[in-house]
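The structure under discussion appears below in the form of structure tokens.
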């Protein structure tokens, strides 16, 4: 989920999600509570805003994200007439551009733009085939459709010229799709193909992103993943990223949709 929607936002934001609704064949809505700041913590008005949004929603599934430090909120969600499914936690990391710890140059490795949407979609299918995203927690949502969503997302980035690839002159080894906004570059999806893992290539991909951010005058690179994905977070820490914020993901589902047929 976009950095500005989670880290910088102060208010409760409820919006329909037409892409997810079409992908999964049922109405899906996104409900997000921004992290705010230490000076502006979540108040009772914030909790009331979440409650009103949930009670007023006609969606089959509400994907709710809220700051992980609001530990007591989950219990309150169970009294809103929906089944609350815990769907992991997004962890956000940040790097001050120019302060990364890049790997030593490796002869034969190259980085550059990849603008072929079909090629990028195929790479994403391999890279993220086993990624445990939040959709997998919800029995109403097809895992194959979730992966297809990642492919569509990455393909759009490629078509917009926002995909960086790492290759060895013979094949593409990894990709990173990006979103640039002001001084910030956000890495949306990044990874190395399954056949090339374990060779330290991911750090070269991070360097390519950092170099691109610096070249356009950017000052920060940000990225996020599910909390269980500790392997990639170790790679970020080695490179110089630091953790900034965590957001719990909860799917709020109409209970009748989860009952067995005839029950």
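Kindly provide the set of residues from the range 241-257 that are over 29 Å from residue 102 (Cβ atoms) and exposed (fewer than 15 other Cβ atoms within 10 Å of the Cβ), ordered by number. Break it down stepwise before answering.
Initial filter on the range 241-257 (over 29 Å from residue 102 (Cβ atoms)): 248-257.
Within the range 241-257, 255, 256, 257 qualify.
Which of the residues spanning the range 139-150 are touching a strand residue (DSSP E or B) at 6+ places or on another chain (Cβ under 9 Å) and not in a loop (DSSP other than H, G, I, E, B)?
Here is the first cut: in the range 139-150, the ones touching a strand residue (DSSP E or B) at 6+ places or on another chain (Cβ under 9 Å) are 139-141, 150.
Scanning the range 139-150 gives a single hit, 150.
Among the residues of the range 239-251, is there at least one that is on the phi > 0 side of the Ramachandran plot and either at pLDDT 95 or above or under 15 Å from the mean Cα position of the chain (by Cα) (or both)? Reasoning before the result, please.
First, pick out the residues of the range 239-251 that are on the phi > 0 side of the Ramachandran plot: 240.
If we keep only those that are either at pLDDT 95 or above or under 15 Å from the mean Cα position of the chain (by Cα) (or both) as well, we get 240.
Looking through the range 239-251, at least one residue is on the phi > 0 side of the Ramachandran plot and either at pLDDT 95 or above or under 15 Å from the mean Cα position of the chain (by Cα) (or both).
Of (1) more than 25 Å from residue 116 (Cβ to Cβ); (2) out of contact with any strand residue (DSSP E or B) (no Cβ under 9 Å at 6 or more places or on another chain); (3) at pLDDT below 95, residue 181 satisfies all except one. Which?
Every listed condition holds for residue 181 apart from (1).
If you take the residues of the range 17-37 that are assigned to a loop (DSSP other than H, G, I, E, B) and in contact with a strand residue (DSSP E or B) (Cβ under 9 Å, 6 or more places away or on another chain), which of them is modelled with the lowest pLDDT? Give the steps one after another, and end with the answer.
First pass over the range 17-37, keeping only residues assigned to a loop (DSSP other than H, G, I, E, B): 17, 25-27, 34-36.
Checking the rest, the ones that are also in contact with a strand residue (DSSP E or B) (Cβ under 9 Å, 6 or more places away or on another chain) come to 17, 26-27, 34-36.
On the way: 17: 96, 26: 97, 27: 97, 34: 86, 35: 81, 36: 68.
Selected residue: 36.
Yes/no matrix, rows are residues, columns are (1) modelled with pLDDT under 95; (2) outside the structural domain of residue 253 (by TED's automatic domain parsing); (3) crowded, with 19+ Cβ neighbours inside 10 Å:
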residue	(1), (2), (3)
122	no, yes, no
128	no, yes, no
138	no, yes, yes
155	no, yes, yes
158	no, yes, yes
163	no, yes, yes
173	no, yes, yes
199	yes, yes, no
213	no, yes, yes
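Would you mind finding the one in 80, 90 that is assigned to a strand (DSSP E or B) and either touching a helix residue (DSSP H, G or I) at 6+ places or on another chain (Cβ under 9 Å) or farther than 30 Å from residue 210 by Cα (or both)?
90
Taking the conditions exactly as written (over 23 Å from residue 188 (Cβ atoms), assigned by TED's automatic domain parsing to the domain that holds residue 211, modelled with pLDDT under 95 and over 17 Å from the mean Cα position of the chain (by Cα)), does residue 108 satisfy them or not?
Values: over 23 Å from residue 188 (Cβ atoms): yes; assigned by TED's automatic domain parsing to the domain that holds residue 211: yes; modelled with pLDDT under 95: yes; over 17 Å from the mean Cα position of the chain (by Cα): yes.
Taking the combined requirement at face value, the residue satisfies it.
Give me the strands (runs of 3 or more DSSP E) completely within the range 151-263, filtered to those with at least 2 residues that are more than 29 Å from residue 19 (Cα to Cα), touching a residue at least 12 places away in the same chain (Cβ under 8 Å) and touching a helix residue (DSSP H, G or I) at 6+ places or on another chain (Cβ under 9 Å), ordered by residue number. So that I can check it myself, show each step before the final result.
Working: elements: 163-167, 172-181, 184-192, 220-226, 242-253.
Here the list reads 242-253.
The values are calculated or read from the model by the stated rules, or taken from the named source; none is laboratory data. Since the model is a prediction, treat every value here as computed from it, not as a measurement. Positions of Cβ are backbone-derived with ideal geometry, glycine not excepted, and every protein chain shown enters the neighbour counts.
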